[in-house]
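**Student:** I have a structure I would like to understand better, so I am pasting it below and will then ask my questions one at a time.
All of the numbers you see were taken from the coordinates with simple rules; none came from a lab. All values derive from a computational prediction rather than experimental measurement. Cβ sites come from the backbone with ideal geometry, for glycine too, and all protein chains shown count toward neighbours.
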Amino acid sequence: SKVIRTDIIITGSLSVTGDISGSTFISSGSSTSEGGELQLLPKTNGNKVWLIDNYDEDLRIFRRDLDNPSLVVKGIQISSSGDVGIGTEFPIYPLHVKSNTVGYIAKFENTSNDTSTSDGVIISIGPDASGSMTEANKWITFQDGNGTYMGAIQGNGGSGPELSNVSDRKLKRDI
């Protein structure tokens, strides 16, 4: 086994073949928070580079502008606890998506040609919730941009979900 402790710059292609056993490490040396970084440079002379790194035990995949290195486009982050963030550096949910875009931020698309059995999304709460779901169980919660509660699809204490924070007037048009 041979350890090389230096910068290796390769112009062109790198090919590793043969019987490779063990592990390959990329380390940043003396840094206390960085655990190595892999940069994927553009094919042409573009100024955007994708990076993969291990920062404070979180896996990050993001894009940096080489002309303005402080400009980082958030990509995907997997925290050491397993939370996945898309567009956020600090995911606080198992899947945390954050976007500053006009329009929708998520789409689930079933492209099956079998229209008789194609389905969309399943939302499950708890073990067997039949008859035991109260309004404390929120299937979907609606908030404004400041995090203010606007309503929910929640348990009704019976057999299924119901809309909260609605009135007949809010549900009717042209009255």
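**Student:** Could you run the Karplus curve 6.51 cos²θ - 1.76 cosθ + 1.60 with θ = phi - 60° over region 97-108 and give me ³J(HN,Hα) per residue in whole Hz, x for Gly and Pro?
**Tutor:** 10, 10, 8, 10, 10, 7, x, 5, 10, 8, 8, 10
**Student:** How many nm is it between the label spots at Glu135 and Val121, if each spot is 7 Å from the Cα in line with the beta carbon?
**Tutor:** Those two pseudo-labels are separated by 2.4 nm.
**Student:** What's the local net charge at Gln154, with K and R +1, D and E -1, over the other residues with C-beta under 15 Å away?
**Tutor:** For residues surrounding Gln154, the net value is -1.
**Student:** Normalise the Debye intensity by I(0) for region 41-95, one equal point scatterer per Cα, no solvent, then take log10 at q = 0.12, 0.16, 0.19, 0.25 Å⁻¹ and round to two decimals.
**Tutor:** With one equal scatterer per Cα and no solvent, log10 I(q)/I(0) is -0.30, -0.49, -0.64, -0.92.
**Student:** Indicate the gyration tensor shape class of region 38-134 (rounded, prolate or oblate), computed on the Cα atoms with a ≥ b ≥ c the square roots of the eigenvalues: a/c under 1.5 is rounded; otherwise a/b larger than b/c is prolate and the rest oblate. Walk me through the numbers on the way to the answer.
**Tutor:** Working: a/c = 2.82, a/b = 1.76, b/c = 1.60.
Taking the square roots of the gyration eigenvalues as a ≥ b ≥ c, region 38-134 is prolate.
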